[in-house]
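First up is the structure itself, then whatever we jot down about it.
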Amino acid sequence: MKIELESLGIIKTPFEELEGMPIQPVGAKGVKGQLILKDEFKDGLKDLEGFSHIEVLYLLHKVKGHSLEVKPFLDDKTHGVFATRSPKRPNRIGASVIKVTGVEDNIVHVENVDMLNGTPILDIKPFVPHLYEGTVDELKIGWFEDKHQDASTKKADDRFVS
């Protein structure tokens, strides 16, 4: 089944190149950006300023192709792509939870951006951790268990560019 999506707008960030940018929001703490929606979608931002965080789904538009096994930035071993947050995914969809600092007209001001400047926005959802209460009691994070702390300092290299 072929699925077509329309970009809602773009993400404005200080990152012009993939190499050297943060690999997760924890590594981009305090980095400011903007979600600039097309005018036709601005009414969808009504009441968003009442949320401190949002989940943004976006297209990893500079990544070419995909791999079912990848060596992620946080490990020196290969893993199945669906057991990673690697950008080299079959559908090239990225997801980040980021902080909202303001909403005006068609612009959402945000912090902790770990996306490339000009990244197309696919969707925006309010982040409500309470919706997961009682559903993640026995949380396991697989191979990330002894690696996740490195995400705050690790930067992207060129491994997923081509």
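The values are calculated or read from the model by the stated rules, or taken from the named source; none is laboratory data. Predicted, not measured: the structure shown is a model, and the values here were computed from it. Here Cβ is always computed from backbone atoms with ideal geometry, including for glycine, and neighbour counts include all displayed protein chains. Each accessible area value is taken on the protein alone, full model and side chains, heavy atoms only, with ligands, DNA and RNA left out. Shrake-Rupley method; radii C 1.70, N 1.55, O 1.52, S 1.80 Å.
So how many residues does region 45-84 have that are part of a loop (DSSP other than H, G, I, E, B) and under 24 Å from MET1 (Cα atoms)?
We begin by selecting, within region 45-84, every residue part of a loop (DSSP other than H, G, I, E, B); these are 46-47, 51-52, 60-68, 71-78, 84.
Of the ones still in play, those that are also under 24 Å from MET1 (Cα atoms) are 60-68.
Final tally of qualifying residues: 9.
Any chance region 73-89 includes a residue that's out of contact with any Asp or Glu (no Cβ under 8 Å at 6 or more places or on another chain) and over 18 Å from HIS148 (Cβ atoms)?
The answer is yes; a qualifying residue exists.
Just to be sure I understand the filter: pairs with C-beta atoms under 7 Å, separated by 6 or more residues or on different chains, first member in region 70-94 and hydroxyl-bearing (Ser, Thr, Tyr) and buried (at least 20 other Cβ atoms within 10 Å of the Cβ), second member in a loop (DSSP other than H, G, I, E, B) and at pLDDT below 95. Which pairs pass?
From residues that are hydroxyl-bearing (Ser, Thr, Tyr) and buried (at least 20 other Cβ atoms within 10 Å of the Cβ), the pairs are THR84/PRO72; SER86/PRO72; SER86/PHE160.
Hey, does region 92-109 have a residue that's at pLDDT below 95, in a loop (DSSP other than H, G, I, E, B) and not small (Gly, Ala, Ser)?
yes
Restricting attention to region 110-136, report how many residues are of a type in the set (Val, Ile, Thr), open to solvent by 30 Å² or more (accessible area, probe 1.4 Å) and at pLDDT 95 or above.
Number of matching residues: 1.
Output yes when any residue across region 59-70 is over 20 Å from ILE141 (Cα atoms) and modelled with pLDDT of 95 or more, and no when none is. Spell out how you get there, then give the answer.
Going through region 59-70, the residues over 20 Å from ILE141 (Cα atoms) turn out to be 59-67.
Filter again for modelled with pLDDT of 95 or more, leaving 59.
Yes, region 59-70 has at least one match.
For region 110-122, enumerate the residues that are outside any strand (DSSP E or B) and farther than 19 Å from GLY27 by Cα.
The first filter runs over region 110-122 and keeps only residues outside any strand (DSSP E or B), leaving 112-118.
Listed by number, the list holds a single entry, GLY118.
Being aromatic (Phe, Trp, Tyr), closer than 13 Å to VAL100 by Cα and open to solvent by 40 Å² or more (accessible area, probe 1.4 Å) narrows it down to one of PHE41, PHE51, so name that one.
One residue alone meets the criteria, PHE51.
Only one of VAL108, VAL136 is touching a strand residue (DSSP E or B) at 6+ places or on another chain (Cβ under 7 Å) and either among the hydrophobic types (A, V, I, L, M, F, W, C) or free of Cβ contacts under 8 Å to residues at least 60 places away in the same chain (or both). Can you tell me which?
VAL108
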